[in-house]
Structures are given as C-alpha cells and as structure tokens.
Amino acid sequence: MKKILVTGGLGFIGSHTVVELQNEGYDVVIIDDLSNASIDVIEGITEITGISPMFEKIDLKEKSSVEHFFQKHNDISGVIHFAASKAVGESVAKPLLYYENNLNTLIYVLKEVLNLKSSNFIFSSSCTVYGQADEMPITENAPVKPAESPYGNTKQIGEEIIKDTCKVNANLNAIALRYFNPIGAHSSAKIGELPIGVPQNLVPFITQTAAGLRECLSVFGNNYPTSDGTCIRDYIHVVDLAKAHVVALQRLLEAKNSSNFETFNVGTGVGSSVLEVIQSFEKVSGQSLNYKIAPRREGDVVKAYANTKKANAVLGWEAKSTLDDAMLSAWKWEQNIRNLK
Ligand code: UD1
C-alpha cells in the first residue's frame, strides 16, 4: 500500500479526496491545522470507508514541524497539497496572511518533497488563474491573467514556484489541477462543505437559505451579457473532482506524465447560470427558494467554464455527475447537519 500525504485533508475537497484514495487502497496520512475544518470529519471518512486515516495536527507555517513530519514519514510516495486559505474577500483584507499561509507552506512542503524517493506532487490550483478568459470554453493554453485578489495571486505564484522548481529538479513530478466551481457532498451525507460564518459561495448560501439559516439569497447581478443576465460558472461535483486527484496521482506514480510539470482543467465543460443553479435546487429539493436580484459583486467574471478535453484524453477522467446530482447531494448534506430529516 502506497502512503500518500494529503495536506488540508479535513477540508471540503481534501476530505472527499481522502475517501477516494482510501477506496483505491492507498494508505493516507492527513495533515490539517484545523483552522477551517473540524476534527469530526475523520469520523465521517472512517464511517464511509471503514478505515481511519492517520492524522497529524500540524501548522505548515512552522517549518521545523514540516521537516520533522517528513523525517518520520520518509516513505511517502506522493503528496496532494490542499492546505491553503481560500476566502477571496478575506485575502483582499489580509494579503500578508494569504501570502504567508498559501506560499510559505507550499515552499516548506515542496522542499521536503524533493528529498523523498518518489517526489510526486499534486497542487490545488484554480480557474481563477484565467481571470475573464477571452474564449469559452477555457483551455489550459488560455493566458493567465493578472489576479483579481491576493488569493488568486497565491494560486498563480504557487504554480510558478512549482514550475520553476520542476525545471531544475528532474526527479520532481508535479501536476496542478485547475478547479472550476466545486459543489456538492458525498452521497452518504457524512462529509460535505462546512463554511464558517456566512457562506461566500453560491451553493452553501442556497442550501443554508432553504434550511432557514439565511433569509434570502442575493443574486449578484442580472444584467450580464448572458442568456438570462446572470453569471455563468462550471459547477463540478466534489466527488468527481476528488477522483481527478486520484487519477492524476496514479499518472505520476506510474511515470506516465509527459513532462514533469503539467496542468489540467477540472470541470464539467458545462456552463450554468446562477438562475439555472437555483432552478436545479428547486427541482431536486421540491421547494422554492427565497431569492432577490441584487447589485453585481465586485470582481466577478461574467463567464467561466472549462474545456475538459485534456483531462478527458490524458487522464482518462471525466465528470460523471450532473448539476442536479450535485445540488441534491448538497441539499442532503445540509439537511443532515441541520437535523432536518
Ligand atoms: C470563487 C472564487 C474562486 C474560488 C471559488 C471557490 C472569485 C473571483 N473566485 O468563485 O477563486 O476557487 O470561489 O471558493 O471570487 N453568487 C450569487 N450570490 C451569492 C454568492 C454567489 O449570486 O450569494 C454568484 C456569483 O456572483 C457567481 C456565482 O454565484 O456568479 C458563483 O459564485 P461563488 O460560489 O462565490 O464562486 P466564484 O466567485 O465563481
């Protein structure tokens, strides 16, 4: 059994990836600092897979803790690095916190990965690196645009750091996965998204409104140049996204990569408007949602959806779930955590 380190493994995407890795027979060790995740997530993972993953509470900003961890676990075959702060608005208010959290930690982990026998590394990147792309759907060759926020900048610089390191370390093999909009939850409703405070993202705001925690969803702008005037995004089920990490890792473990730094879009290829997401929620939940049209939100791009051909052809992966599947799973999870069923 190959041992895989998952940093940020108790977070939303991390926890679903741990489940898929354990389902495929990998031995998983999780690092999380619990700054934006609950220790109870381990229980959910264990109930789903029947296996309790190893866990170490480590703050990756502490370089000596990172070094110590890797001394103990020098048999790791691959690292999937999720640990990062991800709130766009907060990153504008606290840029240094974001640069420190997202870049120092990446550097410390990467330094240790170079010393492993198998230096395989998967990085959580984002479609945010494309900004407002000129052409839809977005391919991996679309230019990287100046970042709209320090958060977005950390993803761009993160990719650059890895690329530069790969250039001079032939033994390092890395893949950056550029996620579109991850939503939904595991079908068991035992793990899912746990936003702290008022959700900034669309889908948790929808499910919390339906659950009675929020009064009304504000739809940010209905005068965009799209079919119904609301913004278009590519919403991908988190379990599909988790599986993309497993196949990307397998590609590195089997040395099938064509260069030692590769990027892949991870999306469905389908663009959905905010109103279509609301309609999907209403359909699968059987209830109507309280929403109103509000002014545009600063920094929103009009449209972003993926061309997924590279991931489909090269990784042999494709998103299986529809928007309705994902919305239903998000709703089941919300009902489960609010004891609504
Ligand atoms: C944002 C980040 C992205 C990050 C992703 C997941 C930006 C520019 N991008 O994507 O980098 O990876 O979150 O954390 O911030 N909406 C509403 N009402 C709401 C909330 C959202 O109408 O209450 C709309 C937004 O205007 C947008 C769509 O829903 O059109 C999706 O928004 P959101 O879920 O916040 O994701 P992004 O902004 O696409």
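All of the numbers you see were taken from the coordinates with simple rules; none came from a lab. All figures in this text were calculated on a predicted structure; none of them were measured in a lab. As a convention, Cβ positions derive from the backbone with ideal geometry for all residues, glycine included, and neighbour counts pool all protein chains shown.
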Alpha-carbon centroids, the range 272-341 and the range 1-32: separation in whole Å: 24 Å
C-alpha long axis of helix 274-285 to longest principal axis of the chain, angle in °: 90 degrees
Reduced Cα scattering model of the range 110-193, Debye log10 I(q)/I(0), q = 0.23, 0.25, 0.26 Å⁻¹: -1.06, -1.14, -1.18
Relative contact order (percent, whole number), the range 1-127, Cα cutoff 8 Å, 6+ residue spacing: 27 percent
Average silhouette area of the chain, convex hull of alpha-carbon atoms, in square nanometres: 16.0 nm²
Options 69, 285, 126, ranked by Cα towards positive dipole end of the chain, top entry (Cβ charges): 126
Loop trypsin sites (Lys or Arg not before Pro), the range 54-129 (other Cβ atoms within 10 Å of the site Cβ: 15 or fewer; DSSP): 61, 117
The chain - percent relative contact order, Cα under 8 Å, separation 6 or more: 19 percent
Expected 222 nm ellipticity per residue - DSSP helices of 4 or more, -39500 (n - 2.57), all of the chain, to 500: -11000 deg cm²/dmol
Lysines whose Cα lies under 25 Å from that of residue 320, excluding same-chain neighbours fewer than 8 positions away: 190, 243, 256, 283, 303, 309, 310, 332
Cα centroid of the range 84-118 to Cα centroid of the range 51-72, whole Å: 15 Å
Gaussian network model of the chain, springs between alpha carbon atoms under 10 Å - residue of 81, 68, 186 with greatest fluctuation: 68
Taking 54, 327 and counting other C-beta atoms within 10 Å, the order from fewest to most: 54, 327
